[in-house]
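Working notes, beginning with the structure itself.
The values are calculated or read from the model by the stated rules, or taken from the named source; none is laboratory data. These figures come from a predicted structure and were not determined experimentally. For neighbour counting, all protein chains shown are included, and Cβ atoms are generated from backbone atoms with ideal geometry for every residue, glycine included. Side chains included, ligands, DNA and RNA excluded: accessible areas come from the protein's heavy atoms. Shrake-Rupley method; radii C 1.70, N 1.55, O 1.52, S 1.80 Å.
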Amino acid sequence: EPVDAVFLVLTESRIRISKGVAACLARWRQSAPVGPDSIVMRNAVRDQVGWSCSGLPCLGGLVTCFSGMLTPWLGNVKTMTAYRSSRFQEEGRSDLVGNFTLNPEKAFVGTSLVDVDSKLRLCMLGTHFPMRSLTAVLEDPLEFDKLAAAKHEFAKTLRKVLIDASRWGIMDANTVLIVQGDLNSRTILEGNSQLDVLLELLGDRAAQEGICRDLPIPVGSWHEIFSYQNVGQLPVTYKFGGALHSFQLTLGQFLSNDNSAANPTGASVTPTNSQSAAASSFAYSNFTNNNSVASPYTEVMNNVGQDKLKEWGFKHDVSNFKVRHFPASTDRILYWAADSLHRRMTWSFPRGGYEVLDGLKGTDHRPVVLEAKLEVSP
C-alpha cells in the first residue's frame, strides 16, 4: 500500500537538513508517484518568534534571541512531515510550537494534516521532554515514593502539551494529537519492582483524568501507538556510548543479563510474554544476600559487568554511575485522542512494531522507526 504520511523528528539537531530533505523528496517523486509529494519542515527556534516568558509577551524576543544563541551548542528540535497531497491537506499553521524551558532543545513543534475525505486531523508534534525535575526525583535520597513523584512530573509535561494544543483550537473530537521524540521516560527500580515511568502513567486512569482536568477539550486520554504490557518488553534506546552493538536489546534482557534472545539488527522489537516473565524473575535474590549499600541500579550494573556493558554498546563507569543514565526506553510515540474517537481507532503494524536503528553514531540514543496503519471506523 502507498505511504500517506511520514513524520521525522530530530530532537538535538545542530545540522541543516533542507538539502537532504529536498533530495529525498525528489527521489520519492521519481520512484513512487503514489507516495508523499509534499514536505513541511519545522524548526522550534526559528518558529517560536511569538514565545513569551512567564506570561510576558514583551520578553518573547529576548527568549528567542537567547535560544538562538544556544542552538549551535545545545541543538534544536526539528521536524519533517512528508505527505500525499491527494490524501491530506496541510493546514499551514505556524503557531504549532511551544516550549518547556528556555533550553531550545526542550520544546515541541509540528504540523497538522487533515484527511481530505473524513476530515480527521493528525496533529504531529516532535519534542524533547524536559528532564530536570524528573532527575531531582530520581536522585533525591529522601523521596520515598519515586514512582508517584516521577509520574507527577511526567503528567505535568503532558498537561503542558494539552494546554498549548487547546489554545491552538485544534483539540476536538476529530483530532489525533501525535507526540514523538525523546520523551525522557526512565526505568525505576523500587523494592522488588521494575517500572517504566511513562508506561505506569499511561495505565493510571486517575492520573490520566488529572492531566486533562478543567481543560477545554473532550474527554480523552494519552496512549502509545505501539503499546507494551510491562517494562520487560520495552526496547532499550538510552544511554549508549560510541560502540555499536549488533542486536536490539529489551529492558527485560538487560535486567536479567541475558542476550540469548536479543533480536538481530533490523528486526522489529515485538513484545513477548516470555521476555517479561524472565525480567520479573531477575535476581533481586542477589540483592537480598548482598550487604552492599549500593543502590539497586548500581547492583544491576555490577551484575551485568563492565565487559558485557561494553559488548552491548554502553559506556558506563559503574564506579561513577548516575541513576538518570540507567538504560531506559526514551524514544517513543504517543497520541492523545478523545475517548469517542479512540474507540473507533485501530492500529496495525506492517513491520511488526518499533525498529531500533543501531547503525547511527553521534548520539547516546538509538533512534526508532515505526510504520503504522490507522483505520477509523464510522
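Of note:
- Considering residues of the range 297-320 that are over 25 Å from VAL368 (Cβ atoms) and in a loop (DSSP other than H, G, I, E, B) only, the residue most open to solvent (accessible area, probe 1.4 Å): ASP317
- Of the residues making up the range 201-250, just one is under 23 Å from VAL369 (Cβ atoms) and of a type in the set (Lys, Arg), namely LYS239.
- The range 115-127, residues that are outside any loop (DSSP other than H, G, I, E, B) and within 16 Å of TRP336 (Cα to Cα): ARG121, LEU122, CYS123, MET124, LEU125, GLY126, THR127
- Scope the range 75-110; condition within 22 Å of the chain's Cα centre (by Cα), farther than 21 Å from THR175 by Cβ and without any contact (Cβ under 8 Å) to a residue 60 or more places away in the chain; matching residues: ASN99, THR101, LEU102, ASN103, LYS106
- Among the residues of the range 140-176, those that are under 19 Å from ILE225 (Cα atoms), surrounded by 21 or more Cβ atoms within 10 Å (Cβ to Cβ) and in contact with a helix residue (DSSP H, G or I) (Cβ under 6 Å, 6 or more places away or on another chain) comprise PHE154, LEU158, MET171.
- Residue match in the range 166-177 (condition: among the β-branched types (Val, Ile, Thr), assigned to a strand (DSSP E or B) and touching a residue at least 60 places away in the same chain (Cβ under 8 Å)): yes
- Restricting the range 74-96 to residues that are open to solvent by 20 Å² or more (accessible area, probe 1.4 Å) and in contact with a Phe, Trp or Tyr (Cβ under 8 Å, 6 or more places away or on another chain), the residue that is nearest to ARG159 (Cα to Cα): ASP95
- Every residue from the range 112-139 that is open to solvent by less than 30 Å² (accessible area, probe 1.4 Å) and under 23 Å from ALA173 (Cβ atoms): SER112, LEU113, VAL114, ASP115, LEU120, LEU122, CYS123, MET124, LEU125
- Selected residue [among the basic types (Lys, Arg) and open to solvent by less than 40 Å² (accessible area, probe 1.4 Å)] from ARG343, ARG366: ARG366
- Residue match in the range 54-65 (condition: closer than 29 Å to ALA155 by Cα, at pLDDT below 55 and part of a loop (DSSP other than H, G, I, E, B)): yes
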